[in-house]
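Scroll down for the structure; my scribbles are underneath it.
Each reported figure results from applying straightforward, stated rules to the coordinates on display, with no laboratory input. Keep in mind that what you see is a predicted model, and the values were worked out from it rather than measured. Glycine gets a Cβ as well: all are built from the backbone with ideal geometry, and neighbour counts include every protein chain shown.
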Ligand code: BTN
């Protein structure tokens, strides 16, 4: 009896919530894969561009931004990270700020009242008191013969349970700090429907309607920051197009490239 089948990832519920807005949407759960982003990009290059959520318990070659690896945390009984990618055809007029809108959606789902202190660190990270809770990697493929539309692969990794800081650039935070009972499936069910709605809204409007809510959770605004080229300045927040504004001795710099890394000058220990 399908209705009584155990579904720890709530795939049926997620499909029921998302498919009316995104026809053809499916959910795939695999025990192990190199990287959910790599797999959806591979498929897109082969012309497979159906909307899909690909979830895995373990990545053997998870990828982060700037060519860095993304290592999931493991506990004995269950994965201590939630790792998934959402793939869908998308044609916004302007792509800038998509990762910020995605981060905002995830932050608001994980911490609706902001009482746990989940904030957004431009351009792609979720932080809790300067510790990294989650990362986002967005990639796009142009399917053959469809120049007007790209296939977007939105990869998200969230720390759910405790993990060691060793080897990480930023010390980790995890969801079970404020929700001890959080399981990968329950968190996935909460994140995905609002995430799809956010991405679809972004495709219509761009980043501007999200800017105020982003500002309310901006982890860098008002702080001294250093850019990857060594420039230092005071972060003035994010503009209507998702660009980071930094007031430097040479004047206001606006940073649009996610290839630039930016960190607060003084991070707490
Ligand atoms: C970063 O922090 O630099 C981004 C991390 C993104 C990790 C997620 S986990 C699911 C998806 N598959 C990957 O290989 N990367 C993303």
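Helix-derived [θ] at 222 nm for the chain: sum -39500 (n - 2.57) over DSSP H runs of at least 4, divide by residue count, nearest 500?
-7000 deg cm²/dmol
Which residues among segment 203-228 fall inside the zone where the amide N is under 12 Å from a point 7 Å beyond the Cα of residue 236, along Cα→Cβ?
Within reach of a label on residue 236: 222.
Between segment 7-29 and segment 116-180, what is the C-alpha centre distance in whole Å?
21
Residue 48 to residue 166: extension gain in nm, 0.36 nm per residue of separation minus the Cα-Cα distance?
38.6 nm
Would you please put 206-219, 87-100 in order of how densely packed they are, using the mean number of other Cβ atoms within 10 angstrom per residue and starting with the highest?
So the peptides 206-219, 87-100, ranked by packing, come out 87-100, 206-219.
Among 20-27, 36-43, how do they line up from the highest to the lowest mean number of other beta-carbon atoms within 10 Å?
Highest-to-lowest ranking by the protection proxy: 36-43, 20-27.
If a/c stays under 1.5 just call it rounded; otherwise compare a/b with b/c (prolate if a/b is bigger, oblate if not). Do that for segment 151-203, with a ≥ b ≥ c from the square roots of the Cα gyration tensor eigenvalues.
Here segment 151-203 falls in the oblate category.
Rounded to the nearest 0.05, what FRET efficiency do residue 247 and residue 201 give with R0 = 51 Å and r taken as the Cβ-Cβ distance? Could you check?
0.95
Quick check: Cα centre of segment 216-248 to Cα centre of segment 90-113, how many Å?
18
Mean separation of Cα pairs under 8 Å and 6+ residues apart, divided by the residue count of segment 217-269: what relative contact order is that in percent?
34
Note down the relative contact order for the chain as a percent, whole number, built from C-alpha pairs under 8 angstrom at least six residues apart.
18
Per the Kirkwood definition applied to all pairs of different Cα atoms, how many angstroms is the hydrodynamic radius of the chain?
19.1
Please give the peptides 233-239, 63-69 ranked by average Cβ packing (other Cβ atoms within 10 Å per residue), highest first, as a rough proxy for protection.
In decreasing order of mean packing, 233-239, 63-69 become 233-239, 63-69.
Relative contact order of segment 51-164: what whole-number percent is it, with Cα pairs under 8 angstrom and at least 6 residues apart?
30
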